[in-house]
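First the structure, in the form of structure tokens, and then the observations on it.
Only the coordinates and a few stated rules stand behind these numbers; no lab work does. In this text, all values refer to a predicted model and were calculated from it rather than measured experimentally. As a convention, Cβ positions derive from the backbone with ideal geometry for all residues, glycine included, and neighbour counts pool all protein chains shown.
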Amino acid sequence: MADLSTNYLGLKLKNPIIIASSTLVQNLQGVREAEQAGAGAVVIRSLFEEVIREKEAKSGELYSGHPEEYEYIMSELNLEYGANYYLELIENIKSQLTVPVIASINCTTPKLWINYAKRIEMAGADALELNLSLMPMDPGKSSLDIEQEFLNIIKVARENTKLPLAVKLGPYITSLSRFANQICGSGVRSLVLFNRFYQFDIDVEKNEIIGANWYSTPAEMSLSLRWISILYKHINCELCATTGIHDSLGVIKQILAGSTAVQLASTIYLNGFSIVNTILQELNHWMDKNSYNQLDDFRGKLSLSQQKNPEHYERLQYIKALTGIEKRK
Ligand SMILES: Cc1cc2nc3c(=O)[nH]c(=O)nc-3n(C[C@H](O)[C@H](O)[C@H](O)COP(=O)(O)O)c2cc1C
């Protein structure tokens, strides 16, 4: 039996499979099922900016960021209760289960959750993931403006808690290598790439905007695979892959690219928690077959830092394929 353990966010996980922040792990029962399935850790569902967004969607009003409005939203939504529920959930998980618990706060501004980072730490969470996934739709904001806002949020988080911090980003970042370096220089221990936004579609019969493709497919993994292999050893951070990891093959590829751990959601919605055990068994089998005793034996082996042909990561390869110089193997 190979050793599947991995050190992530200062925690020793028994294996690299983390249940991604989602409704799968929004209550004690979900986290219990994750633990029974053998998950290495869970990231519980993000705290409450989403609740505000749901409220916005229903009322058609947008939160402007004014403190008075914040007070209003807090009391209107009884958010104190929502947050208290979250803190109680962490306490209950920590008193009843042993699986490492990473709390998650979905933030687009440091204002809404500032008090809770400390309270999450006091409730017993093992680490904190900042979900900074933002759709950059505002034409008045430059890439630098957005990056600076993210860095401000990280700074406030760093000042408010001693918990190991992870930052989860969406894919819409202009110069990721540079920005990832900045993030990792600001007290963040892990970068989680990439969050998957609700997919957008149009119902042509009803003339309505609708959600679509609620769950990812394995083909969507390519983006995080590429970026994890580019960033491995180039930034001073652990890397955790999310989106499109559905099976043991996906997990193995992400570790070969340089992932410390991986996060799964869609495959569990589609196949149930039992997929975790299947993945672990197959990972074990593959490691035995390749004479790997531990994950470090092959982690990052196919990262850019190990490549003799860095052109695989660049445009040149694309041009070759287009012009037929190099046929798809
Ligand atoms: C129903 C659902 C709820 C989710 N809720 C959250 C959340 O609260 N916070 C968060 O950071 N990500 C959330 N996600 C994103 C997942 O954590 C994950 O990053 C994404 O689904 C990509 O992984 P996958 O391809 O394995 O699904 C959610 C995903 C789904 C499908």
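What are the residues whose amide H is under 5 Å from the amide H of residue 11, where those residues sit 5 or more places off or on another chain and H is modelled from the backbone?
Distant-sequence amide H within range of residue 11: zero hits.
How would you rank 208, 121, 88, going from fewest to most other Cβ atoms within 10 Å of each one's own Cβ? The partial results should precede the final answer.
Numbers: 208 9, 121 18, 88 12.
Lowest to highest Cβ neighbour count: 208, 88, 121.
Determine the alpha carbon to alpha carbon distance for each of 12/301; 155/301; 141/206; 94/168; 118/168; 206/253 and list only those over 31 Å. Walk me through the numbers on the way to the answer.
Details: 12/301 22 Å; 155/301 33 Å; 141/206 33 Å; 94/168 23 Å; 118/168 19 Å; 206/253 41 Å.
Flagged as over cut-off: 155/301; 141/206; 206/253.
Binning at 10 Å from 0, report for the stretch 110-251 what percent of all alpha-carbon pair distances ends up in each bin.
10, 35, 34, 17, 3, 0
Taking H placed 1.01 Å from N in the peptide plane, check which residues at least 5 places from residue 131 or on another chain put their amide H under 5 Å from its amide H.
Distant-sequence amide H within range of residue 131: 105, 106, 107, 168.
Using a basic spin-label model with each label point 7 Å from the Cα along Cα→Cβ, how many nm lie between residue 201 and residue 118?
With each label point 7 Å from Cα toward Cβ, the separation is 4.6 nm.
Put a dot 7 Å past each Cα toward the Cβ at residue 174 and residue 307; how far apart are the dots in nm?
Here the answer is 2.4 nm between the modelled labels.
Once a ≥ b ≥ c are taken as the square roots of the eigenvalues of the Cα gyration tensor of the stretch 6-302, is the result rounded (a/c under 1.5), prolate (a/b larger than b/c) or oblate (a/b not larger than b/c)?
Since a/c stays below 1.5, the shape of the stretch 6-302 is classed as rounded.
Would you mind ranking 14, 301 so that the residue whose beta carbon has the fewest other beta carbons within 10 Å leads the list?
Listed from fewest to most nearby Cβ atoms, that is 301, 14.
Could you run the Karplus curve 6.51 cos²θ - 1.76 cosθ + 1.60 with θ = phi - 60° over the stretch 14-25 and give me ³J(HN,Hα) per residue in whole Hz, x for Gly and Pro?
Per residue, the Karplus-derived 3J(HN,Hα) values read 6, 7, x, 8, 10, 7, 5, 3, 5, 5, 4, 10 Hz.
How would you rank 285, 246, 234, going from fewest to most other Cβ atoms within 10 Å of each one's own Cβ?
In increasing order of surrounding Cβ atoms, one gets 285, 234, 246.
How much length would be gained if the chain were fully extended between residue 142 and residue 5, taking 0.36 nm per residue of separation minus their Cα-Cα distance, in nm to one decimal?
Extra length from residue 142 to residue 5 when fully extended: 45.2 nm.
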